[in-house]
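Asker: Okay, here's the structure, questions in a sec.
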Amino acid sequence: MNALAQLGMVSELPSNNQTVAIAESCEDERKDYFVERDGEKFAGTHLLVDLWEATNLDDPAKIDATLCEAAVAAGATILHSHFHHFSPNGGVSGVVVLAESHISIHTWPERNFAAVDIFMCGDCDPHLSIPVMQRLFQAGRVLVDEQRRGRVSV
C-alpha cells in the first residue's frame, strides 16, 4: 500500500462518495446497500466474464476508458482506476474501484483472451457493463458466470 500511496493512488482519508447526511436523532436508519431480488437478500452481484477471440487487449488507455464507461452504464460511481501494461506480450491488468465495489481485468493478447471480474452492490446492474466492453473487445465468445455474494438467510 505504501508504494501506491507514494504514487498518489491511495488516499490517506476514506472517500466521502457514499457519505449520507444523517440527523443525530435517526442514526439507526442508515442505508443498507444489500440487494433484495427474487426473494433473496445479498451484498451484490459478482460476474466473472471470459472474453475469447477478443481484440484490443493491449492498450491500457482504451481499456481504462471502456471499463469506466462500462461502470457508468451499470449505474456505478467511479472512485479511481489504475492500469498496468506488461511487456513484452503487451497484456494489461487493471481495476476500476467503485463506490459499489470494482471492475478488474487481466488480458492475454497472445491468446486473444481477457478475464474480467465485475462486482457491484446496491442498485447497479453489472450485466449492463458487458455490451460496453464488447464494443471494444469484439469477443467471438463471451462466457459469464454469476454469483450472488453475501447471501442472507431470510
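The values are calculated or read from the model by the stated rules, or taken from the named source; none is laboratory data. Quantities reported herein were computed from a predicted structural model and do not represent experimental measurements. Glycine gets a Cβ as well: all are built from the backbone with ideal geometry, and neighbour counts include every protein chain shown. Protein only, heavy atoms only, side chains kept; ligands, DNA and RNA dropped before computing areas. Shrake-Rupley method; radii C 1.70, N 1.55, O 1.52, S 1.80 Å.
Asker: Once label points are set 7 Å from the Cα along Cα→Cβ at both LEU48 and HIS85, what is their separation, rounded to one decimal in nm?
Answerer: The modelled label-to-label distance comes out at 3.0 nm.
Asker: Between the alpha-carbon centers of the range 31-51 and the range 52-93, tell me the distance in whole angstrom.
Answerer: About 23 Å separates the Cα centre of the range 31-51 from the one of the range 52-93.
Asker: I've got another one for you. What FRET efficiency do you get for LYS41 and GLU110 if R0 is 25 Å and r is their Cβ-Cβ distance, rounded to the nearest 0.05?
Answerer: For LYS41 and GLU110, the calculated efficiency is 0.05.
Asker: At 7 Å along Cα-to-Cβ for each site, give me the label-to-label distance between GLN138 and SER93 in nm.
Answerer: Going by the 7 Å Cα→Cβ label model, 2.8 nm.
Asker: Probe of 1.4 angstrom, ligands and nucleic acids ignored: what's the accessible area per residue over the range 29-154, in square angstrom? Let's see the in-between values first.
Answerer: Numbers: 6700 Å² over 126 residues.
For the range 29-154, the solvent-accessible area averages 53 Å² per residue.
Asker: Measure off, as a whole percent, the carbon and sulfur share of the 1.4 Å-probe accessible area of the range 61-125, all protein chains present.
Answerer: 53 percent
Asker: Using 10 Å bins from zero, what percent of all Cα-Cα pairs in the range 54-154 falls into each bin?
Answerer: 16, 49, 28, 6, 1, 0
Asker: Counting Lys and Arg as +1 and Asp and Glu as -1, what is the net charge of the other residues whose Cβ lies under 11 Å from the Cβ of PRO126?
Answerer: -4
Asker: How far apart, in nm, are two points set 7 Å out from the Cα along the Cα-to-Cβ line at ASP117 and at THR77?
Answerer: Once both label points are built, they end up 2.3 nm from each other.
Asker: How far, in nm, would the chain grow between ARG148 and ASN56 when pulled straight, counting 0.36 nm per residue and subtracting the alpha carbon separation?
Answerer: Value of the extension gain: 30.1 nm.
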